[in-house]
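The values are calculated or read from the model by the stated rules, or taken from the named source; none is laboratory data. Every value quoted in this text rests on a predicted model; they were computed, and no experiment measured them. Note that we place each Cβ from the backbone using ideal geometry, even for glycine, and neighbour counts take in every protein chain shown. Surface accessibility is based on the protein's heavy atoms, side chains included, excluding ligands, DNA and RNA. Shrake-Rupley method; radii C 1.70, N 1.55, O 1.52, S 1.80 Å.
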Amino acid sequence: MSIKQYLKIPNSKYKAKVILKWLWQAWRGNQLQAILNASIGLLSVGVSLSQVWAVQHAIDVAAGNVKGSLLFAVGFMGILILCNFGLDISAIWVRNILGIKAQNRMQQRMLDRILRSEWHGKELHHSGDVLNRLEIDVENVVNFLTETIPNTLSVLALFIGAFFYLFSMDKILALITIAIIPVFVLLSKIYIGQMRRLTRKVRDSDSKVQSVLQETIQNRMLIKTLESDAVMVDKLENTQSELRHNVVKRTAFSVFSSLIMNFGFALGYLVAFLWAAVRMSSHTLTFGGMTAFLQLVNRIQSPARNLTKLIPAFVSVFTAAERLMELEENPLEEQGDPVELDAPCGVRFSGVSYAYEAEEGKVIDNLNFDFRPGQCTAVLGETGAGKTTLVRLILALIRPQQGEVGIYNSTREETLSPLTRCNFVYVPQGNTLMSGTIRDNLRLGKLDATDEEMTAALQQACAEFVMELPEGLDTLCTESGGGLSEGQAQRIAIARALLRNRSIMLFDEATSALDPDTEKQLLQNILAGQNKTIIFITHRPAVVDYCDQTLKIEKI
């Protein structure tokens, strides 16, 4: 049995070359911070080695071993200390100011990639897991690229500089001091594999904890009404227990590895101390020289210790990169310029079939229907008949597995795709308002909408109540439209859709929370004197009465 099998080290999902290539692409947008950190680190190395000489020189001047001014020697030490202070302050500014910008850029890039990727009804990752990756894993990657790697250059520079300084003073001691390195290299591959496995378990467990917390907070009202408080707390405890267990296992392995490594460093330091003491007792080394010896040994071992810490950093960033790369596995939607057709437009289904899973059978089978330009259509059907799938096909969120869905007007026809989505307005089921002001929500429909346009859209959507609120358009809504009734939130969502002003309007149970009188007035407002194509997904008879045609979907 190999060591890898004994330690249960699994094969990685991505090869190291693939991960390194991804990290290189991520680094390209953060060169400035990395270069500044590397420059500060290298200057710190120069100051650190200069301090070794300054201390040795001051001691030898004080002991009378060399000629010189003690005041000058101590003054030079003070200047070097001030230089260290300045470099430390510079490093803090670079880390805090440029660091947050780098994290923000990467989060924006990842979010943009997620939003432009293909949509699936059944997502692979829980939203809490995705948020955990966008926060923690992005931070790990950015810190590694902009701080750890540049700092490693200065660590290597200090290691090499201190080694050659010591080598110039005593070749044998210098070689003894670094004798541990081949052993370190030999063991590092096993260590990395095991740590990657344990770190991945910790990160996945942490995502589960965040997922439970997020779902519980989002559904607090439901949990309270079901009196399931204790159940959710117990669920959180179980996921936290799994996280603690994985953290303990990783910590135990890390502590054991660190203990072995520190034992080797301690032994090396004792050997160096004994060697210097013997030389000093035989009068081949001054007291200042011995001080320099021990400082140099420390400056060799300190970078070596930091290099051993680099391995957990590599493990952590490889795990973080792997988790972020998984978010990018979903292919991008078709990209390009929007394809907008002149109104009125229609949507035509020709022999369309679709199944989410082959074993579950088709949700829609050989559908032929024409949502004619300028007409209003009611789509009816029992739960599970495929109405939601129909909406997703119209919005090009999914593609037909058989047949074709096209958008057309009197002069041209195009196959539906993400590029034709610009022709649609969509009002989904439920409360779809976001936290912020009513004005902010309306501007999602039209970014440059004026107050007059917003007021007109609200009136058409039977949402005049907004103007009667103390803050009017600037009234704040909490998450999911908190502070408003379902009916009020629904009418504001419809006003947002009206502001978008596209040729095809798709309403998915958009009047479900309205009373009959308000619903009737709203339908009259929407349908009065316009050439838009309107599709209602509905169960409500009042809506059907206003439509020109009806599509009834039967459950297969």
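Worth a mention:
- Taking the chain and dividing mean pair separation by its residue count, relative contact order in percent (alpha carbons under 8 Å, at least six apart): 15
- DSSP-assigned coil residues among GluC sites (Glu not before Pro) in the stretch 56-135, each with at most 14 further Cβ atoms within 10 Å: E118, E123
- Calculated FRET efficiency for the pair K15/M77, C-beta based, R₀ 56 Å, to 0.05: 0.65
- Selection from I217, A157, L124, by position along the positive dipole direction of the chain (Cβ): A157
- Percent antiparallel among DSSP beta bridges (both partners in the stretch 421-556, rounded to 5): 25
- Helices of the chain meeting both criteria, an alpha-carbon length of 18 angstrom or more along the long axis and an average Kyte-Doolittle score not below -1.0, with helices taken as full DSSP H segments, are 31-63, 70-93, 99-115, 149-169, 181-218, 229-281, 287-327, 486-500.
- Probe 1.4 Å, protein heavy atoms only - accessible area per residue of the chain in square angstrom: 53
- Identified option (computed semi-axes √(5λ) of the Cα gyration tensor in Å; candidates [x] 52, 31, 18; [y] 50, 32, 26; [z] 67, 27, 22): [z]
- Separation in nanometres of the label points that stand 7 Å from Cα toward Cβ, at T284 and D517: 10.7
- The modelled label-to-label distance between L397 and N104, using points 7 Å beyond Cα along the C-beta direction, is 3.1 nm.
- Separation in nanometres of the label points that stand 7 Å from Cα toward Cβ, at Q25 and F85: 4.6
- FRET efficiency, S39 to F167 (Cβ-Cβ, R0 30 Å, nearest 0.05): 0.70
- Between E452 and D545, residue separation times 0.36 nm minus the direct Cα-Cα distance comes to 30.3 nm.
- Net charge of the neighbourhood of L442, taken over other residues with C-beta under 15 Å away and scored Lys/Arg +1, Asp/Glu -1, is -2.
- FRET efficiency for the pair N368 and K249, taken as 1/(1 + (r/R0)^6) with r the Cβ-Cβ distance and R0 = 51 Å, rounds to 0.30.
- For the stretch 73-124, the set of trypsin sites (Lys or Arg not before Pro) satisfying both a DSSP loop assignment and a count of at most 14 other C-beta atoms within 10 Å is given as R116, K122.
- Beta bridges per DSSP with both ends in the chain, % antiparallel, nearest 5: 50
- Computed from backbone phi, the HN-Hα couplings of the stretch 430-447 come to x, 8, 10, 6, 10, 5, x, 7, 4, 4, 4, 5, 5, 6, 5, x, 8, 4 Hz, rounded to whole numbers (Karplus: 6.51 cos²θ - 1.76 cosθ + 1.60, θ = phi - 60°; Gly and Pro given as x).
- Measuring nothing but protein heavy atoms, the accessible surface of the chain at 1.4 Å probe radius is 60 percent carbon and sulfur.
- Gyration tensor (alpha-carbon) shape descriptor, the stretch 93-136, a/c threshold 1.5: oblate
- Note on the stretch 482-497 and the stretch 385-419: Cα centroid distance 28 Å, given to the nearest whole angstrom.
- Across the cross-link table entries K362/K532; K208/K387; K17/K208; K101/K446; K208/K235; K362/K552, which are compared at the Cα atoms, the separations over 22 Å belong to K362/K532; K208/K387; K17/K208; K101/K446.
- Helical runs (DSSP H, four residues minimum) scored at -39500 (n - 2.57) apiece and divided by the length of the chain put the mean residue ellipticity at 222 nm at -19500 deg cm²/dmol.
- Neighbourhood net charge (14 Å Cβ-Cβ; Lys/Arg +1, Asp/Glu -1) for E468: -2
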